[in-house]
Amino acid sequence: MRPRLVAAFVLPAVLWLQTGPAAAQFCDNLEGQDVKVSGTIDRMVEAAGVIFFRDRKTSCQFGMVTHRNDKGCKVGAQVEVSGKLIKNKFLPDTYDIDRGSRPASETLACK
């Protein structure tokens, strides 16, 4: 009974981890393109104003700095961001969105 229970937890975790490199390669192909991504904020570093989420469609992992005008962003909130997809300079296999000089209300929404 225990091996089945362990397999029930381990197998999904292994399958989830295997999607990382494939998703990263797909996301690399989107670099520099205008995209619109959305997901649920799973982590946040409030002191630095950084939110982390995984895009629902592409499974790309994002770690991005919020602007001081961005409102409502907290762990568990739904986020939608638009701009140019770029590689995160500090975290491997993580991406960021360059929102340029557009107003925060036009490029990021947290609900």
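Annotation: of all residues in segment 87-111 being surrounded by 18 or more Cβ atoms within 10 Å (Cβ to Cβ) and among the hydrophobic types (A, V, I, L, M, F, W, C), the one that is nearest to Q61 (Cα to Cα) is I97.
Is it fair to say A104 is within 14 Å of M44 (Cβ to Cβ) and without any contact (Cβ under 8 Å) to a residue 60 or more places away in the chain?
On the way: within 14 Å of M44 (Cβ to Cβ): no; without any contact (Cβ under 8 Å) to a residue 60 or more places away in the chain: yes.
The answer is no for A104.
Regarding K74, is this residue within 17 Å of K111 (Cβ to Cβ), surrounded by fewer than 17 Cβ atoms within 10 Å (Cβ to Cβ), touching a residue at least 12 places away in the same chain (Cβ under 8 Å) and not hydrophobic (A, V, I, L, M, F, W, C)?
Against the criterion (within 17 Å of K111 (Cβ to Cβ), surrounded by fewer than 17 Cβ atoms within 10 Å (Cβ to Cβ), touching a residue at least 12 places away in the same chain (Cβ under 8 Å) and not hydrophobic (A, V, I, L, M, F, W, C)), K74 qualifies.
Read the figures in this text as sums done on the coordinates, not as results from a lab. Keep in mind that what you see is a predicted model, and the values were worked out from it rather than measured. Every residue, glycine among them, receives a Cβ derived from its backbone with ideal geometry; neighbour counts consider all protein chains shown.
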